[in-house]
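All remarks here apply to the structure that follows.
All of the numbers you see were taken from the coordinates with simple rules; none came from a lab. Being a predicted model, the structure only gives us computed values, none of them experimental. FYI the Cβ positions are ideal-geometry reconstructions off the backbone, even for glycines, and counts take in every protein chain you see.
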Amino acid sequence: MRGLSCPLCDLDLEKEKKYYEDRSFIVLRTKTEKEHRERIMIIFKRHEHTVPQRAYEHALDILTNIGKEVFSYTPKFVIMDTTFATINDHWHLVATDLNPKSEDFNQILATR
């Protein structure tokens, strides 16, 4: 199912920095870095608001493993929940470093 005017469904995957892809998920660099050195996201390929628990756990494993490589320059990175997501109708998670000078540092601290 495809969402009407969904920015995640409408991504031009040929132009995006892709870290991983399988049948269900894709991991990309985010469009905005928000003053982070790196910021990545995992997207469920189908336009859905939620994913089954098993898929969620698989996505966390994927994002954690890729995050260890992408964020190798820092001892810690975070995978944020969807508390402050700007796209709420297409399931995705964002991982980022912990730059205290970033635009979204307070939001990062406020997520669970």
Burial ranking of peptide ranges 39-46, 62-69 (average Cβ count within 10 Å, highest at the top): 39-46, 62-69
Please list the radius of gyration and Dmax for segment 18-110, considering alpha-carbon atoms only, with Å as the unit. 12.6, 36
